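Structure first, commentary second.
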Amino acid sequence: MWRERQGVRRGSPTFLSCFLVVVWTMASSQMMFPTISASKEGADIAGDSICSLSPNAIATFGKNLLEQFCRCQSFTPDQAKAIRAVLSSGDTPFGPPSEWTSSVLEELKCLFHLFDRSLLDQIPRDVLLPWMKDFLRSSHLPREQLAAVVEKLSRRKRAAECPPDKTVTQKVVSDNLMPLDYTPEELQACLKGPILVDNLAVLTDYAFTYEQLLVIKENLDEVMRDLWGDRIRGPLLGSVRVEEHWLAWFWSLRISPSDSPGWLSDAEAWPGLRSLAEQQMYPSGYPDSIISNLGPLVDFMNLDDIKKWKFTSPDTLASLLGKLTDEKLAPEIINQYLNSGGALNGEALNAIGSPSICLLSKDQLNRINEAALKEVKSLDLSKCDQTTKNILYSKAKKAFSDQENKFPEYYDEIRPYLGGAPVEALRALSSRNVNMDIPTFMGLRNDSVMGLTAEEVKGLLGKNLAGLKNEQDNFPIKDWIRKQKQSDLDKLRIGLRGGIPVGYINIMPRLDSSSETSAAHPTTNVHALPVSATILLTLLLTSLLS
């Protein structure tokens, strides 16, 4: 019998979880029900409670539940630690890790991301590494999670110089197991020069850790510095090779040309050396062939790096933005593409996509060729300011003008841009049975919605009209309702309330259609007055003025 003093209260989640696990464990071992086996159907007895087990419960019953843990989306750190302890103990159907085979690893691969360095070190390396090679090739885990596994396997050996057995060859870089075989220090010493540049696209697709990627970025910078050093050697230094860090050192000491070594005494060469020392890096940044293959390295770039880039390929733009995780760098990358002379054609707009298209300035938006919008995939402009929506609608209307009389084709093309449509355009659509969805209607311009009658709104929404009822307390529907006669709202037959009663008129302030963003919704105060009171007020004012 369960007792309070045992620390588990009846009816609590822990009690229920442990109870279900006990039932499942006993059933699996046929202690309780000889006819029940540990089948997948039997595992459903515990249901989702398996994923919420306490670390203590995992330690007690986990050895019989390892396969069931695969259904769990995630684990707490304490749960993961308990699972590792169960596996390391060797008291499981799989035996001790030192005796695991590739077939055992295959059965446990759903838990592989939980393995730490201590557990991995227990697995025979001649079993682990070949299996890992196939796992890295076929795994659907994100590159970041694979990199985390690689980091746990990394061997921390400092390599001041590249060891002979670590020379990076074409065969080495063709093996996606490379991240496992090289520590960051070994990469720094061995992955240099043409082998790095020529294979950058392949290397950046491997599951390198953050630290390994940082080393690759530093090595890439060193390669580019060396190339620039060779470029300026002739015009500045004749046949003498000078590394840029030496130049920086001389300049930091403020050595004058007369006091400098003989090869730096040329007064004409000194200004060039000073400029080079101040820049510290290659002045033109990475060439396009490098930029297009940066992959995850783009996250290691700073604004100064990006400002040196010159690239005009939409494919390169797509590659950079697609790998970027720091959204704050997106505007600078887009600006560099445009400042380099990149065109805002369909390919570029697809690369920029949503919501980055909202980052374009007014001048940049005006550079978009209307025909390019025909090549653009569906955009979400809901986060754009009103100026952006207005400009893009105007261009979209011209782009699809040849389909203006073809429905529903025209509506399908113009719909993403309707957030910038004037009231006249919406009135024209209201007669074409477009069945506008509620989210699109809610994203329309405020002044355009206010200019529509109840009948026109009915024509726009069509079969979706009933959905308006659910939005009657939200902007801009709430303000629109206050402007309509209640008798007109009643004709919609969807139960809208809050319109102007019969015998009243409304005083409606003028709406500013030039507001910068539809996100900042002004409050519209509609004042309804009885007609009789209005007439009396008019007569009073007339008598006072006569």
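The values are calculated or read from the model by the stated rules, or taken from the named source; none is laboratory data. Keep in mind it's a predicted model, so treat the numbers as computed, not measured. For neighbour counting, all protein chains shown are included, and Cβ atoms are generated from backbone atoms with ideal geometry for every residue, glycine included. We work out accessible area using only protein heavy atoms, side chains counted, and drop any ligands, DNA or RNA first. Shrake-Rupley method; radii C 1.70, N 1.55, O 1.52, S 1.80 Å.
Is it fair to say THR14 is assigned to a helix (DSSP H, G or I), open to solvent by less than 30 Å² (accessible area, probe 1.4 Å), modelled with pLDDT under 80 and not small (Gly, Ala, Ser)?
Details: assigned to a helix (DSSP H, G or I): yes; open to solvent by less than 30 Å² (accessible area, probe 1.4 Å): no; modelled with pLDDT under 80: yes; not small (Gly, Ala, Ser): yes.
The answer is no for THR14.
Taking the criterion of being open to solvent by less than 50 Å² (accessible area, probe 1.4 Å), more than 18 Å from ASP437 (Cα to Cα) and touching a residue at least 24 places away in the same chain (Cβ under 8 Å), the residues of region 451-495 that qualify are GLY451, ASP479, GLN484, LEU489, GLY495. Here LEU344, LEU317 are screened, and the one residue that is at negative phi, outside any loop (DSSP other than H, G, I, E, B) and not polar (S, T, N, Q) is LEU317. Scan region 384-399 and give yes if some residue there is assigned to a loop (DSSP other than H, G, I, E, B), closer than 25 Å to ILE334 by Cα and within 26 Å of the chain's Cα centre (by Cα), otherwise no. Within region 384-399, one or more residues are assigned to a loop (DSSP other than H, G, I, E, B), closer than 25 Å to ILE334 by Cα and within 26 Å of the chain's Cα centre (by Cα).
Put simply, of GLU218, GLU211, GLU186 the only residue that is buried (at least 18 other Cβ atoms within 10 Å of the Cβ) and part of a helix (DSSP H, G or I) is GLU186.
A Cβ distance below 9 Å, combined with a sequence gap of six or more or placement on separate chains, defines the contacts here; from region 48-68, residues that are open to solvent by less than 10 Å² (accessible area, probe 1.4 Å) reach residues that are assigned to a loop (DSSP other than H, G, I, E, B) and among the hydroxyl-bearing types (Ser, Thr, Tyr) in the pairs GLY62/THR92; LEU66/THR92. Sub-6 Å Cβ pairs linking a first residue in region 368-391 that is on the phi < 0 side of the Ramachandran plot to a second residue that is hydroxyl-bearing (Ser, Thr, Tyr), at least 6 apart or interchain, are LEU379/SER354; ASP380/SER354; ASP385/THR517; GLN386/SER515; GLN386/THR517; GLN386/SER518, ordered by first then second residue. Within region 406-423, can one find any residue that is of a type in the set (Val, Ile, Thr), free of Cβ contacts under 8 Å to residues at least 24 places away in the same chain, closer than 25 Å to ALA343 by Cα and outside any loop (DSSP other than H, G, I, E, B)? Checked region 406-423: at least one residue is of a type in the set (Val, Ile, Thr), free of Cβ contacts under 8 Å to residues at least 24 places away in the same chain, closer than 25 Å to ALA343 by Cα and outside any loop (DSSP other than H, G, I, E, B).
Given the structure, is ALA147 modelled with pLDDT under 85, within 18 Å of MET132 (Cβ to Cβ), surrounded by 19 or more Cβ atoms within 10 Å (Cβ to Cβ) and not acidic (Asp, Glu)? Yes, satisfied. Cβ separations smaller than 6 Å between residues 6+ apart or across chains give the following pairs from region 425-437 residues that are touching a residue at least 24 places away in the same chain (Cβ under 8 Å) to residues that are part of a helix (DSSP H, G or I) and open to solvent by 90 Å² or more (accessible area, probe 1.4 Å): ASN435/LYS463.
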